[in-house]
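Taking it in order: structure first as structure tokens, then the write-up.
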Amino acid sequence: MNAPSPQNTPELHELLAFYMEAGVDEALTEEPVDRFAEAAQIRSPARAASAPEQPSSSPDRRNQSAGAPAFAENNPAAPPPAQRVPAAAAVPDEAQVQLARQLATRASNLDELREAMAGFDGCNLKFTAKSLVFADGNPNAALMLVGEAPGRDEDLEGLPFVGRSGRLLDRMLAAIGLDRTSAYIANVIPWRPPGNRTPTPHETEICRPFIERQIELVNPKVLVNLGGPSAKTLLNTTEGILRLRGNWRAHTTASGAAIPAMPTLHPAYLLRTPAHKRLAWRDFVEVKMKLRSLS
């Protein structure tokens, strides 16, 4: 492989920065591995053993039915099936959603809620994350911002929005005269999904009672939904964020209180699409005006 030319160096830096932001921080192999093909080869002997033998005059067809054993014999270095296929992760059931609701309801303050979330084992994301990313900022602030889930930097530090997205969010807050001492920041999902993948609907439903209770306990004057997943979860809508942003909605708490909510673009999206920063700026100006009118 030829050494990169000076002209290509900025592109390589951008690519590496993209990988880091996505959580791709380890190279396991130099060649791609087709896990689906491996799984098919491993399952084929079991199917052949369970199915009744069919007479065949073609030796080639008998050899094809052997499938994975022939592969293993021709590849003595190949690991046994148990080493090649990881065990499937357990999927929490509906009982865990109910338990999360009960624990969230019992918490009478933020400390109790954090303790309940730290002791909750009903979400599989907890077992792959390093930290519980609960919140950052001032719980007595008039403004609360809610994103989707922690990333790599957030998982390492145990605080939301501390990576590149967090630095941009700090600048967005500074543009309307605020900082982390005058805002409260949290996520719908408090544990980092492996590889920064999108949380599943089931994982979101398990964590929903916790963030809803967190909002209720903070009781901000204004709520900002950072990105589509936060807006859809907390505003009970299926509309996309580009259609939602810039329009005031309301988040209704369990006690019936309606909190003005502004859906806007997530800082990570703005890093990928800088041209849309002007849209987010308009949204934050609206937030500034709303806070001023409610003060």
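Each value in this text was obtained by applying a stated rule to the coordinates, not by laboratory testing. Nothing here was measured: the structure is a model prediction, and the numbers come from that model. Ideal geometry is used to build each Cβ from the backbone, glycine not excepted, and the neighbour counts take in all protein chains shown.
The table for this structure:
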| item | result |
| --- | --- |
| Neighbourhood net charge (11 Å Cβ-Cβ; Lys/Arg +1, Asp/Glu -1) for T204 | -1 |
| Sites R167 and W281 - FRET efficiency at Förster radius 25 Å, r taken between beta-carbons, to 0.05 | 0.95 |
| Ranked D111, D136, criterion: other C-beta atoms within 10 Å, fewest first | D111, D136 |
| Under 14 Å, Cβ to Cβ, from N236 - net charge with Lys/Arg +1 and Asp/Glu -1 | 0 |
| Cut-off 19 Å, label 7 Å out along Cα→Cβ of S108, residues of the range 198-220 by amide N | 213-219 |
| Counted charge near K290, where neighbours are those whose Cβ lies closer than 11 Å (Asp, Glu -1; Lys, Arg +1) | +1 |
| Burial order of peptide ranges 258-267, 195-204, 165-174 (average beta-carbon count within 10 Å, highest first) | 258-267, 165-174, 195-204 |
| Exposure proxy ranking, count of Cβ atoms within 10 Å, fewest first, for V188, V218 | V218, V188 |
